[in-house]
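Engineer: What follows is a single structure, and I will ask about it in a moment.
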Amino acid sequence: MKKEIPPILGIAIILVISVPIILYLVGKVTSFSEMQTPVIIKTEIPVKDDNYYFDLAIKLDNVSLCNKILEEEKRKECRTFLVEASHRLIEKAIAERDFTICNSFLSQKEKDDCFYQVGIELNDISACGAIQDEDGVKICKAVISKEEKFCEEIQNSEAKNNCYLTLAFFSKNSSLCNKILIESPTGKDSKILCNAIIAEDPSFCENCKDTENCYLSFAQFLKDTMVCDRIKNPEVKSQCYLLVKNVIYEKQK
């Protein structure tokens with residue numbers, strides 16, 4: 001006759017066997033849930049205020065970002081810092097007679113402008129070859145070699161006009177002004193500007209459609225800040241002083 005197992009002892013045996021299994025399974029579920037819990041990384045979105053655009057303009061060496069600064073004095077400070085830094089780098093390249101220093105600029109446009117200025121200042125046509133813009137290369141070569149054949153090779157009408165205009169100034173040849181294509185959008189103004197800089201007379205600009213831009217370009221060619229005073233728009237006037245002499249125009253109170 002078989003002995004019956006007491007109910008209490010049976011329950012105890014079941015608990016002894018099942019509890020470790022249950023605890024094991026609970027541990028697995030807990031660890032799995034912990035693994036599935038997503039990690040939330042908090043990131044701060046920068047406030048795009050004047051300080052943000054000032055720092056970004058300096059970091060990227062991009063003067064156009066200064067225009068996003070609302071406070072006038074801080075906007076001027078931003079522009080001045082970048083323009084002066086650019087001039088110092090160009091002056092260094094000229095002083096060391098090494099146009100490869102221009103590669104220190106971040107944007108290709110600034111590099112090309114540097115190669116152009118250094119090439120003309122040093123009368124080094126090899127600097128033109130470092131310019132990436134094809135029309136810019138031809139304008140650079142035309143100015144240094146004083147040969148208009150490079151201007152004739154340019155297809156873009158605006159670039160061609162700029163070539164004749166610049167060559168006319170550096171070679172003091174007013175006949176080149178007549179080669180400017182007046183059919184282009186800025187052709188008439190370019191021709192007036194060309195004659196103005198040859199005659200060294202800014203009053204010619206009064207006949208331009210965009211008089212302010214004519215004064216700005218005239219001042220740049222002749223390095224004459226007095227012409228900047230003819231500009232009425234304070235932003236353009238400030239730009240004129242910066243480009244010509246690194247002088248900040250203070251708006252009259």
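The values are calculated or read from the model by the stated rules, or taken from the named source; none is laboratory data. Just so we're clear, the structure is a prediction, and the values are computed from it rather than from any experiment. As a convention, Cβ positions derive from the backbone with ideal geometry for all residues, glycine included, and neighbour counts pool all protein chains shown.
Engineer: Checking VAL118 against (1) among the aliphatic types (A, V, I, L, M); (2) within 24 Å of ASN62 (Cβ to Cβ); (3) surrounded by fewer than 21 Cβ atoms within 10 Å (Cβ to Cβ), which test does it fail?
Structural biologist: Of (1) among the aliphatic types (A, V, I, L, M); (2) within 24 Å of ASN62 (Cβ to Cβ); (3) surrounded by fewer than 21 Cβ atoms within 10 Å (Cβ to Cβ), only one is false for VAL118: (3).
Engineer: Does LEU222 count as surrounded by fewer than 19 Cβ atoms within 10 Å (Cβ to Cβ), under 27 Å from CYS128 (Cα atoms), of a type outside the set (Phe, Trp, Tyr) and over 24 Å from the mean Cα position of the chain (by Cα)?
Structural biologist: Details: surrounded by fewer than 19 Cβ atoms within 10 Å (Cβ to Cβ): yes; under 27 Å from CYS128 (Cα atoms): yes; of a type outside the set (Phe, Trp, Tyr): yes; over 24 Å from the mean Cα position of the chain (by Cα): yes.
Against the criterion (surrounded by fewer than 19 Cβ atoms within 10 Å (Cβ to Cβ), under 27 Å from CYS128 (Cα atoms), of a type outside the set (Phe, Trp, Tyr) and over 24 Å from the mean Cα position of the chain (by Cα)), LEU222 qualifies.
Engineer: Same structure, new question: Starting from the stretch 100-113, take each residue that is free of Cβ contacts under 8 Å to residues at least 40 places away in the same chain and more than 14 Å from VAL83 (Cα to Cα) and list its partners that are among the polar types (S, T, N, Q) and surrounded by 18 or more Cβ atoms within 10 Å (Cβ to Cβ), counting only C-beta distances under 9 angstrom and pairs at least six apart or across chains.
Structural biologist: Short answer, once both residue conditions are applied: CYS102/GLN117.
Engineer: Pick out the one residue from ILE131, ILE125 that is over 23 Å from ASN195 (Cβ atoms), in contact with a Lys or Arg (Cβ under 9 Å, 6 or more places away or on another chain) and surrounded by fewer than 17 Cβ atoms within 10 Å (Cβ to Cβ). Show your work before the answer.
Structural biologist: Numbers: ILE131 fails: surrounded by fewer than 17 Cβ atoms within 10 Å (Cβ to Cβ).
Just one listed residue meets the conditions, ILE125.
Engineer: Tell me, please, whether a residue that is touching a Lys or Arg at 6+ places or on another chain (Cβ under 8 Å), at pLDDT below 85, of a type outside the set (S, T, N, Q) and on the phi < 0 side of the Ramachandran plot can be found in the stretch 60-67.
Structural biologist: Taking every residue of the stretch 60-67 in turn, at least one turns out to be touching a Lys or Arg at 6+ places or on another chain (Cβ under 8 Å), at pLDDT below 85, of a type outside the set (S, T, N, Q) and on the phi < 0 side of the Ramachandran plot.
Engineer: Just checking, which of LYS209, LYS188, LYS172 is surrounded by fewer than 23 Cβ atoms within 10 Å (Cβ to Cβ), out of contact with any strand residue (DSSP E or B) (no Cβ under 7 Å at 6 or more places or on another chain) and at positive phi?
Structural biologist: Of LYS209, LYS188, LYS172, the one residue that is surrounded by fewer than 23 Cβ atoms within 10 Å (Cβ to Cβ), out of contact with any strand residue (DSSP E or B) (no Cβ under 7 Å at 6 or more places or on another chain) and at positive phi is LYS172.
Engineer: Name every residue in the stretch 134-163 that is assigned to a loop (DSSP other than H, G, I, E, B) and either over 24 Å from LEU193 (Cα atoms) or β-branched (Val, Ile, Thr) (or both), in order of residue number.
Structural biologist: ILE154
Engineer: Determine whether the stretch 199-210 contains at least one residue that is closer than 25 Å to GLN239 by Cα, assigned to a helix (DSSP H, G or I) and under 28 Å from the mean Cα position of the chain (by Cα).
Structural biologist: Scanning the stretch 199-210 turns up no residue that is closer than 25 Å to GLN239 by Cα, assigned to a helix (DSSP H, G or I) and under 28 Å from the mean Cα position of the chain (by Cα).
Engineer: Further, regarding this structure: Tell me which residues, restricted to the stretch 62-88, are surrounded by fewer than 19 Cβ atoms within 10 Å (Cβ to Cβ) and touching a Leu at 6+ places or on another chain (Cβ under 8 Å).
Structural biologist: ASN62, THR80, VAL83
Engineer: Right, next: Just give me the residues in the stretch 164-186 being in contact with a Ser or Thr (Cβ under 7 Å, 6 or more places away or on another chain) and assigned to a helix (DSSP H, G or I), in sequence order.
Structural biologist: LEU165, ALA168 - these are the residues of the stretch 164-186 that are in contact with a Ser or Thr (Cβ under 7 Å, 6 or more places away or on another chain) and assigned to a helix (DSSP H, G or I).
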